[in-house]
Amino acid sequence: LSASALSAEVVIGITVRNQARRLPTALKSALSQNVVENDQAIVVLLDDQSTDNWRESCGKLLEHPRVVVIEGLCGSASRARNALLDFVDQQLPNARWVARLDADDTLASNASVAALCSKGDEFAGQYVLGSNHLKLHGELLEHSNVANPAVLLDRQQLLQFIEAFCLHGAPLELPSCNLVLRCHSGIRYPDVRSAEDHWLVASLLFFHPDKGVIVPFPFYAAYSLGGSTTQDNRRSSQWALQREHLAGAVRCW
């Protein structure tokens, strides 16, 4: 690892599995962050056994001095995300925050990561949740997924919100793609095949609301509804099953 990687205080983490078409745009948005340009942050890409030409599609972006590429044999989204978090904790001694970015999404502005990390520092949080725009076929939709603390930090409203998207097809879901985690927090994704991010964020909000910071604005990311991973999950039985299980779990909680 380079000296710039070892001194980085913030990591933008992207897990990759066959995202040749969309990854270059995601990587460009990560590299445009002011924390990267100010030499405070690096981008860590974890490739989980991709079989496409994503490296060729990214081209010279991978040569950027603030990009680190690692490879893993993970086998699922949750294990890949956890492997990346483990790598940061074990190999990057100065890192304080890991900001998630999905390989088919983009960050909303060049200050997105800095805004959430700053709020996390201000309130001494272990995790930070932000808001996201919604994109379909590259176009922003009129409605957005706003991280509303009045809903997310009220257990009854949170239960109703989760049941709405898990069981009743409501378009707005937990803003789980907008998660920034403090390094060495021990927070990890559950080992499930689908909705691992919803399970994690729901459990954090129910059991550890005092350890989190909710940042409605500015928006953190633009989430792609047409992403290949999302579409594959929606076609699988696991997509519906995990949401039924999550709705049942939060009732018990």
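The values are calculated or read from the model by the stated rules, or taken from the named source; none is laboratory data. Given the structure is predicted, the values throughout are model-derived calculations rather than measurements. Heads up, the Cβs are rebuilt from the backbone with ideal geometry, glycines too, and the neighbour counts pull from every protein chain shown. What goes into the accessible areas is simple: the full protein's heavy atoms, side chains included, and nothing from ligands, DNA or RNA. Shrake-Rupley method; radii C 1.70, N 1.55, O 1.52, S 1.80 Å.
Candidate values (i) 1.22; (ii) 1.13; (iii) 0.95 were compared with Cα Rg over 2.2 N^0.38 Å computed on the shown model; the agreeing label is (iii).
Using only alpha carbon pairs under 8 Å that are at least six residues apart, calculate the relative contact order of region 41-123 and give it in whole percent.
25 percent
Compared with the dominant Cα axis of the chain, that is its longest principal axis, helix 112-122 is turned about 70°. Ignoring lysines fewer than eight residues from LYS28 along the same chain, the ones with Cα atoms less than 18 angstrom from its Cα are LYS60, LYS135.
Would you please classify the overall shape of region 62-169 from the alpha carbon gyration tensor, given that a ≥ b ≥ c denote the square roots of the eigenvalues, rounded means a/c under 1.5, and beyond that prolate means a/b larger than b/c while oblate covers the rest? Cα axes put region 62-169 in the prolate bin. Under 1.5 on a/c is rounded, so check that first for region 110-253, then, if it is not, pick prolate when a/b is larger than b/c and oblate when it is not; a ≥ b ≥ c are the square roots of the alpha carbon gyration tensor eigenvalues. Cα axes put region 110-253 in the oblate bin. Extension gain for the segment HIS137 to SER4, taken as residue separation times 0.36 nm less the Cα-Cα distance, is 44.3 nm to one decimal.
Relative to the longest principal axis of the Cα atoms of the chain, helix 237-252 runs at roughly 60 degrees.
Amide H contacts for ALA108 (H built 1.01 Å from N in the peptide plane; partners 5 or more residues away or on another chain; cut-off under 5 Å): ALA221, ALA222. Ordering 173-185, 40-52 by mean Cβ neighbour count within 10 Å, with the highest value first, yields 173-185, 40-52. Each Lys and Arg contributes +1 and each Asp and Glu -1, all at the Cβ; summed about the Cα centre of the chain, the dipole is approximately 220 debye. Here the simple spin-label model places points 7 Å from the Cα toward Cβ, and for ASN38 and SER185 these points are separated by 2.0 nm. Where only protein heavy atoms count, and the probe is 1.4 Å, what is the accessible area per residue for region 21-146 in Å²? Spelled out: the 1.4 Å probe surface of region 21-146, per residue, equals 45 Å².
Here region 70-191 is treated with +1 on each Lys and Arg Cβ and -1 on each Asp and Glu Cβ, and its dipole about the Cα centre works out to around 300 debye.
To the nearest ten degrees, helix 155-167 and the longest principal axis of the Cα atoms of the chain are 80 degrees apart. If R0 is 25 Å, what FRET efficiency do you get for ASN53 and LYS28 from their C-beta distance, rounded to 0.05? For ASN53 and LYS28, the calculated efficiency is 0.90.
Taking the protein heavy atoms of region 9-156 in the context of the full set of protein chains, the accessible area attributed to carbon and sulfur is 47 percent at 1.4 Å. Contact order for the chain, expressed relative to its length and based on alpha carbon pairs under 8 Å spaced 6+ residues apart, stands at 23 percent.
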